[in-house]
Amino acid sequence: MDLNQLKTFLDSQNLPPFRFRQIVKNYFSGRYASFDQMTDLSLDLRAKLSQNFSLLSVSETKTVGDNSVQKSLLKLSDNQSIETVLMDYEDWITACVSSQVGCALNCQFCATGKMGFKRNLTADEIVDQILFWNQKIFPQFVGRIVFMGMGEPFLNWDNLLAALEIINSPDGLNIGARKISISTAGVADKIIEFTNLDTQINLAISLHSVNQKYRESIMPIARQYNLDELKKACLYYVNHTNRQLFFEYALTDKNTSQTDAKLLANFLHSHRLFFLNLIPLNPVDGGLTPATKDQQKLFMNYLNQYGVEYSLRKSFGQSYSAACGQLATETSI
Ligand code: SF4
């Protein structure tokens with residue numbers, strides 16, 4: 001919901017300022033699925049609000065999943081669609097949100113990339129994915145956010161920042177910066193701008209290869225920002241923030257050789273705050289071939305040999321195409 005428009009509307013009705021605060025509080029509580037349910041407002045005001053506003057800018061088309069992972073297809077006001085995922089494991093309920101409809105970056109392992117770019121999401125459309133889940137799971141609530149859904153968040157910069165402000169604000173969703181993570185395919189100049197924001201929000205880089213030629217072939221953005229430039233931006237981040245920087249590395253049959261492990265070790269040893277997350281690749285139609293269990297094991301042995309610390313992520317939601325790189329509104333659900 002556009003809160004500026006709401007404020008203007010309430011002013012035009014000559015309502016006192018506390019009404020605005022009351023409605024905003026209701027809106028962010030996740031308790032209400034419609035204005036009609038806000039019984040602390042007069043019937044007349046509820047009717048007027050229903051006529052003039054939609055509580056959420058997204059509406060549910062379909063949801064699939066189980067207790068640990070759910071994925072929803074959401075319709076936007078212009079009939080475009082996005083997907084959003086809820087993961088309920090460990091100690092916080094995590095929402096994986098989209099930042100764009102489709103994506104222009106066309107990473108070869110990603111279903112969203114295959115859709116092409118349609119448009120940026122507004123800040124409200126980003127925030128409302130979280131509110132959608134809060135409404136659905138009330139009285140539980142989302143405690144952690146990852147920007148790993150559809151789109152490259154750093155290419156929707158202004159709306160991303162506006163959404164983060166609402167997500168983080170005590171008057172908004174009040175989710176602490178350390179509970180928010182943004183993943184970028186490596187938009188180096190935005191990594192520097194992000195660093196300069198001086199925020200506690202976590203950053204992850206989709207790395208997937210440190211062989212420039214191979215990385216270009218699976219992530220076309222690597223032609224615009226090569227590995228040297230990316231590493232420079234990453235060093236700027238860790239040196240200025242003193243925060244860990246996470247590198248995502250999806251394991252394929254083409255990036256798990258001993259040479260790859262050695263190159264990766266060199267890259268990661270550039271700074272003690274560089275940390276590696278290995279991800280078993282999720283198969284996407286026409287995409288890359290996941291490394292076999294044996295290839296994964298061997299690669300991890302090489303990394304151990306070269307003194308690289310890493311974590312191996314569990315892959316969630318594969319059976320619902322809800323895992324990383326699998327969100328695409330034209331091919332799934
Ligand atoms: S992995 Fe991310 S950046 Fe790459 S195409 Fe998919 S959504 Fe875009």
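Computed from Cα atoms, the angle from the helix 157-168 axis to the main principal axis of the chain rounds to 70 degrees. For region 120-193, applying the loop criterion from DSSP together with a ceiling of 16 other beta carbons within 10 Å to the GluC sites (Glu not before Pro) yields no site.
The 3J(HN,Hα) values that the Karplus relation (6.51, -1.76, 1.60; θ = phi - 60°) gives for region 29-44 are, in residue order, 5, x, 7, 10, 9, 7, 5, 4, 7, 7, 6, 7, 10, 5, 4, 4 Hz. Gly and Pro appear as x. Taking amide H positions as modeled 1.01 Å from N, with prolines and chain starts lacking one, the residues under 5 Å from V146 and 5 or more places away or on another chain are A95, C96, V97, S181.
Gap in Å between the Cα centre of region 12-90 and the Cα centre of region 250-318? When both Cα centres are located, 40 Å separates them. Listed cross-link partners K179/K297; K62/K314; K179/K314; K136/K179; K114/K190 are compared with a 27 Å cut-off, the Cα-Cα value being larger for K179/K297.
Residues of the chain were split at every exposed loop site, defined as trypsin sites (Lys or Arg not before Pro) in a DSSP loop with at most 11 other C-beta atoms within 10 angstrom, and the longest piece left, sites excluded, is 1-271. For the chain, the mean residue ellipticity at 222 nm estimated from helices alone is -11000 deg cm²/dmol, where every DSSP H run of n ≥ 4 contributes -39500 (n - 2.57) and the total is divided by all residues, rounded to the nearest 500. Sequentially through region 56-66, phi angles give Karplus couplings (6.51, -1.76, 1.60; θ = phi - 60°) of 10, 8, 10, 9, 6, 9, 7, 10, 10, x, 9 Hz, Gly and Pro residues having no value and appearing as x.
With each label modelled as a point 7 angstrom along the Cα→C-beta vector, the S270-F9 pair spans 4.9 nm.
Between the beta carbons of N52 and R178, assuming R0 = 41 Å, the FRET efficiency works out to 0.65 to the nearest 0.05.
No lab work stands behind these numbers, since they all come straight from the coordinates. Remember, it's a predicted structure, so these values are computed and weren't measured experimentally. Don't worry about glycine lacking a Cβ; one is built from the backbone with ideal geometry, like all the others, and counts go over all protein chains shown.
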